[in-house]
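The values are calculated or read from the model by the stated rules, or taken from the named source; none is laboratory data. Here the structure is a predicted model, which is why all the values come from computation and not from measurement. FYI the Cβ positions are ideal-geometry reconstructions off the backbone, even for glycines, and counts take in every protein chain you see. In case anyone asks, the SASA skips ligands and DNA or RNA and just uses the protein heavy atoms, side chains included. Shrake-Rupley method; radii C 1.70, N 1.55, O 1.52, S 1.80 Å.
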Amino acid sequence: VGRLFDYLLAQVNEHLEQCPDCRKRAGEMSADSFLERVRGAQKPSGNSTFGQSRPGGTQSYSARSAPAPPPANTLPPGLADHPDYEIKRELGRGGMGVVYLAHNTLMGRDEVLKVMGRQIMERAGVSERFLREIRTVAKLRHPNIVTAYHATRIGESVVFAMEYVKGYDLAQLVKGQGPLPVALACNFVYQAALGLQHAHEEGLVHRDIKPANLMLSRNGNKATVKVLDFGLAKATREEKVDGGLTSEGQELGTPAFIA
C-alpha cells in the first residue's frame, strides 16, 4: 500500500538493482505511485555514528554516491600504505580520534577502524579510556552488539578494528521519518535490551544509551538493532582506585538521555 519507510524503499531499490528476476517482475507491473517511489528511492546522506559517540559513523551509500577515499597525506603514518587495509572513506572524527571505513584485503570484508594518534593518546586519561573501550568490547559476543575484531599499533597510532554495520542509527531514522510505529519501536527496544543484558552478564553497564547509539541494519529479511559505543562503559564490579577515570557522583553520558 506504499507505506514503507524511506530506508526500506531504498533497500527494495537496492535489491532491484541486483536481482534481474525481481527487476523483470517489477517492470511488468503498472507504474503506480509506490513503484515510482521505489524507483526514485535514495539512501539518507547524513552521518550516523557507529560505536562511537563522536567520532564514528556507519553510513550506507550507493555505488554512485560513494565519496572518494581521503588523500594519502591526510591519513595517519603507516595507514595510507598499510598492506592489509584499503581506506575507503572517513566516517567521522572528534575528541577520541578519527574513524575510517576500510577494506581488509586479507579477510575480504569492510571494517571500521577507530584510530587514536599519538597526540591524542598522550592526553591525560584519554589513553586509558580508549584502551578500556577496546578491552570492554572485546568481551562481548552477541548479535545485538557490534563485534570487536582486534586492536593493533600502526606507526604511532593505536587502531581498533570493529564490525562495519551497514544501516542507519535510530536517531537518524526518526529524524528523517518521524515517530516509529509502536510495534517497530517495541521490537527495536527489545533487541537493544537483549544486547544490554548480555553486557550486564559480562559485568558491564553501557551508560550512554540513546537512539544515535542503536544501529538498524538488515540481517537477511530481519531488521536487526545493534548497540554501539561502549566507550563510557563501566565495570559493575570495578574496584575503587585512586586516580580512576571516573569517580562517585561524576555524571557521564548524553544530557538529553542521561535519565
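Which entries in LYS139/LYS210; LYS114/LYS175; LYS88/LYS114; LYS114/LYS166; LYS88/LYS139; LYS175/LYS222 show an alpha-carbon gap greater than 19 Å?
From the list (LYS139/LYS210; LYS114/LYS175; LYS88/LYS114; LYS114/LYS166; LYS88/LYS139; LYS175/LYS222), the Cα-Cα distance tops 19 Å for LYS139/LYS210; LYS114/LYS175; LYS88/LYS139; LYS175/LYS222.
Ignoring ligands, DNA and RNA, what percent of the 1.4 Å accessible area of segment 75-174 is carbon and sulfur?
51 percent
Computed from the mean reciprocal separation of all distinct C-alpha pairs, what Kirkwood hydrodynamic radius does segment 111-236 have, in Å?
Working: mean 1/r = 0.0645 Å⁻¹.
Across segment 111-236, the inverse of the average 1/r is 15.5 Å.
Suppose each label sits 7 Å from its Cα in the direction of the beta carbon; what would the LYS166-ALA185 distance come out to in nanometres?
3.0 nm
Show the residues, 5+ positions off or on another chain, whose built amide H is closer than 5 Å to the amide H of THR224.
The list, which skips near neighbours in sequence, is SER217, ARG218, ASN219.
Given R₀ = 25 Å, what would the calculated FRET efficiency be for ASP81 paired with HIS150, taking r from the Cβ atoms and rounding to 0.05?
According to the calculation, E is roughly 0.80.
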